[in-house]
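Before any comments, here is the structure.
The values are calculated or read from the model by the stated rules, or taken from the named source; none is laboratory data. Please read these numbers as outputs of a predicted model, since none were measured by experiment. Please note: Cβ atoms are built from the backbone with ideal geometry, for glycine as well, and neighbour counts cover all protein chains shown.
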Amino acid sequence: MDIVSIRRQNLTTLAGHYPSRQALAQALDREESQVSRYLRGRCNIGNKFARHVEKQLNLAAGWMDTTHHTPTPLNPEPLRDSLEQFIRSSPSPALAATIASLLNLLSEN
């Protein structure tokens, strides 16, 4: 991945931590339209803006230039299977009901 793509991906990752592009733009002390252009790839993120992002958000120097791997989502099936087995064999009906409720909530998301 080239530096332009890495920086755009990192800015996109940062944007995910804010409720809106406007909020990210405010944190960066930039216009929303400028941040939006960078996010959409209309403009390449140069050294000056990359360093500005790092400074404004208290990131380590060079953070924008480094690939940051996102954690791979875990497969919930083994845990779900174990919990369902526990529910069927639990000596405590109250505990089994609580775990079943939690399992249902997790399955909805």
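Can you spot a residue in the stretch 19-37 that is part of a loop (DSSP other than H, G, I, E, B) and under 15 Å from the mean Cα position of the chain (by Cα)? Yes, some residue in the stretch 19-37 is part of a loop (DSSP other than H, G, I, E, B) and under 15 Å from the mean Cα position of the chain (by Cα). Checking the structure you have, find out if any residue of the stretch 63-84 is aliphatic (A, V, I, L, M) and modelled with pLDDT of 95 or more. Yes, because at least one residue in the stretch 63-84 is aliphatic (A, V, I, L, M) and modelled with pLDDT of 95 or more.
Beta carbons closer than 8 Å, at least 6 apart along the sequence or on distinct chains, pair a first residue in the stretch 85-100 that is at pLDDT below 85 with a second that is surrounded by 14 or more Cβ atoms within 10 Å (Cβ to Cβ) and not in a helix (DSSP H, G or I) for ALA96/SER90; ILE99/SER90. Residue check: CYS43 meets all listed conditions (1) surrounded by 12 or more Cβ atoms within 10 Å (Cβ to Cβ); (2) part of a helix (DSSP H, G or I); (3) of a type outside the set (Phe, Trp, Tyr) but one, namely (2).
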